[in-house]
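The values are calculated or read from the model by the stated rules, or taken from the named source; none is laboratory data. None of the values given here were measured: they were computed from a predicted structure. Note that we place each Cβ from the backbone using ideal geometry, even for glycine, and neighbour counts take in every protein chain shown. Note: accessible area is taken over every heavy atom of the protein model, side chains too, but ligands, DNA and RNA are not part of it. Shrake-Rupley method; radii C 1.70, N 1.55, O 1.52, S 1.80 Å.
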Amino acid sequence: MNTILRKSILGVAGLAFTGGVFAGPVAAHAAETTHVAKPVSVRAQGDKLIPHGVQGEQSRIDLNDEQTANVKAIIAATKKAGMDERAAVVSIATALQESKLENLGHLGDRNDHDSQGLFQQRPSSGWGTVEQITDPEYSTTAFLKGLKQVDGWQDMPLTKAAQTVQVSAYPDHYAQWEQQAADLVAQHWNS
């Protein structure tokens, strides 16, 4: 990997780490999560959406109209970026973990520093302005830009790909949303 690309990836990872260390607790106020036990490596939705099968217990939440609109915005931004359904699954699972697909603004005392939006990106870490990171298309594009820089992300388990971009204090938590994310992509990709 060339030096400039490596520095870019490390820079993005550092920025994400600085902003993401406490991202897990930020969404603690979000909707109740239902845990659905699934064995490791169950394949569903075919190899395109879940090439490695799901890892561990899966969680699922009921979505309201705003959350469904955010799913559609993530899918549209993924298509616009020229990426495939798997990229949308990784993006949606990440947003489910970070914000429960709610476009969060500043949460006062419950805020993780200045993390905001679907992906809990931080303006102070270089993700963009508050206006940008609370725009679903912009924040998805920023996440996908980071994902594109991860060598072999298409062949990684979802949680590893998401964690490489987000650098969360809770790296394994992304995996629990893979089945719901795949179901949402299957439902909305062609709508």
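Of note:
- Looking only at the stretch 162-191, residues that are of a type in the set (A, V, I, L, M, F, W, C) and farther than 24 Å from ALA69 by Cα come to 2 in all.
- The C-beta contact set for the stretch 155-171 (first residue over 14 Å from GLN97 (Cβ atoms), second residue of a type in the set (Ser, Thr, Tyr), distance under 9 angstrom, 6+ apart or interchain) comprises MET156/THR164.
- Residue within the stretch 101-119 that is crowded, with 23+ Cβ neighbours inside 10 Å, of a type outside the set (Ser, Thr, Tyr), assigned to a loop (DSSP other than H, G, I, E, B) and modelled with pLDDT of 95 or more present: yes
- Inside the stretch 81-99, residues that are crowded, with 23+ Cβ neighbours inside 10 Å and either part of a loop (DSSP other than H, G, I, E, B) or of a type in the set (A, V, I, L, M) (or both) make up a count of 8.
- The set of residues from the stretch 172-183 being under 13 Å from the mean Cα position of the chain (by Cα) and either free of Cβ contacts under 8 Å to residues at least 12 places away in the same chain or open to solvent by less than 40 Å² (accessible area, probe 1.4 Å) (or both) comprises TYR174, ALA175, GLN176, TRP177, GLU178, GLN180, ALA181, ALA182.
- GLY128 meets the conditions (1) free of Cβ contacts under 8 Å to residues at least 40 places away in the same chain; (2) more than 14 Å from the chain's Cα centre (by Cα); (3) not in a loop (DSSP other than H, G, I, E, B) in every case but one. The failed one is (3).
- Residues in the stretch 138-191 that are assigned to a helix (DSSP H, G or I) and among the small types (Gly, Ala, Ser): 9 in all.
- Positions within the stretch 120-141 being under 17 Å from ALA73 (Cα atoms) and either surrounded by 22 or more Cβ atoms within 10 Å (Cβ to Cβ) or in contact with a Lys or Arg (Cβ under 8 Å, 6 or more places away or on another chain) (or both), in sequence order: GLN120, GLN121, ILE133, PRO136, GLU137, SER139, THR140, THR141
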